[in-house]
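First up is the structure itself, then whatever we jot down about it.
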Amino acid sequence: MTFDNLKLIHLISVNLFLLIYLIKTPLLLFNADQALAKITKSTKVLEMIISVVFLASGVWLIVLQEMLETMMIVKLGLVIISIPLAIIGFKKRKKVLAILAFLMLISTYGIAEMLKFHKPVGTPTGQTVSAAELFKHNCQRCHGAKGNLSSSGAADLTLSTLDGGALKTILQNGRNKMPSFSALSDEERDALATYIQTLRIH
Ligand code: HEC
């Protein structure tokens with residue numbers, strides 16, 4: 001299975017999970033007990049399968065990307081807490097718990113979006129950051145820790161044959177779905193170009 005397929009499966013299962021709770025939460029809040037019992041019964045197995053797929057694919061994505069950064073840990077923690085919270089909330093008819101679980105799940109979405117659009121991280125003035133750090137913050141989510149992950153159609157850097165000049169041009173201008181890193185300094189792009197050549201299999 002490709003990385004992008006796994007991402008799609010994750011996204012679909014997360015949305016199905018949210019959809020089920022989007023239907024069930026108002027029923028709980030408005031004391032529609034009969035309707036809630038009916039839906040809970042008919043979606044029980046489905047919900048179990050979806051939540052397993054959703055957690056497993058999420059963990060697998062993190063493993064593949066080798067990226068357990070703080071935000072990722074926060075996100076994983078929120079999901080792992082919110083699922084039992086939702087189950088208990090609905091079982092015991094505790095509305096506060098159910099709402100809390102729902103809000104926690106929604107906020108993980110916000111974190112996912114934030115991770116997607118984060119800006120290039122460069123060297124804070126007067127401080128040196130290693131090329132490996134620059135790579136980790138700016139490139140890893142698409143190219144993976146070792147450069148061989150192909151998320152969102154990213155090129156496998158371990159197989160790249162581009163020379164230093166061509167690498168710097170791509171970093172400066174971007175290419176197709178590869179974003180531009182013109183926000184980084186010249187020195188940082190130099191360091192990155194040198195670093196990614198060390199990832200190649202010779
Ligand atoms: C949003 C995802 C994404 C991020 C982040 C990203 N890349 Fe890319 N990268 C791509 C894609 C997609 C391609 C293929 C571009 C194409 O279609 O030509 C690519 C291609 C490349 C190539 C060309 C390889 C070749 O031989 O053709 C290099 C080099 C590269 N990336 C380096 C980097 C570096 C260094 C960083 C971090 C500063 C980085 N990328 C960050 C998505 C990304």
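Residue by residue, here is whether (1) farther than 15 Å from residue 199 by Cβ; (2) at pLDDT below 80 holds:
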{"position": "116", "(1), (2)": "yes, yes"}
{"position": "132", "(1), (2)": "no, no"}
{"position": "137", "(1), (2)": "yes, no"}
{"position": "143", "(1), (2)": "no, no"}
{"position": "147", "(1), (2)": "no, no"}
{"position": "151", "(1), (2)": "yes, yes"}
{"position": "156", "(1), (2)": "no, no"}
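When the stretch 151-183 is filtered for residues that are touching a residue at least 40 places away in the same chain (Cβ under 8 Å) and either more than 8 Å from the ligand (Cβ to nearest atom) or in a helix (DSSP H, G or I) (or both), the ones remaining, listed by number, are 151, 152, 153, 157, 158, 159, 183.
Residues are listed down the side, and each one gets a yes or a no for (1) more than 21 Å from residue 145 (Cα to Cα); (2) open to solvent by 40 Å² or more (accessible area, probe 1.4 Å); (3) not assigned by TED's automatic domain parsing to the domain that holds residue 142:
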| site | (1), (2), (3) |
| --- | --- |
| 61 | no, no, yes |
| 74 | no, yes, yes |
| 87 | yes, yes, yes |
| 91 | yes, yes, yes |
| 101 | yes, no, yes |
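Collect the residues in the stretch 138-150 that are assigned to a helix (DSSP H, G or I) and within 6 Å of the ligand (Cβ to nearest atom), keeping them in residue-number order. First the steps, then the outcome.
Start the filter on the stretch 138-150 by keeping residues that are assigned to a helix (DSSP H, G or I), which leaves 138, 140-143.
Answer for the stretch 138-150, where residues must be assigned to a helix (DSSP H, G or I) and within 6 Å of the ligand (Cβ to nearest atom): 138, 141, 142, 143.
The values are calculated or read from the model by the stated rules, or taken from the named source; none is laboratory data. In this text, all values refer to a predicted model and were calculated from it rather than measured experimentally. Cβ sites come from the backbone with ideal geometry, for glycine too, and all protein chains shown count toward neighbours. We work out accessible area using only protein heavy atoms, side chains counted, and drop any ligands, DNA or RNA first. Shrake-Rupley method; radii C 1.70, N 1.55, O 1.52, S 1.80 Å.
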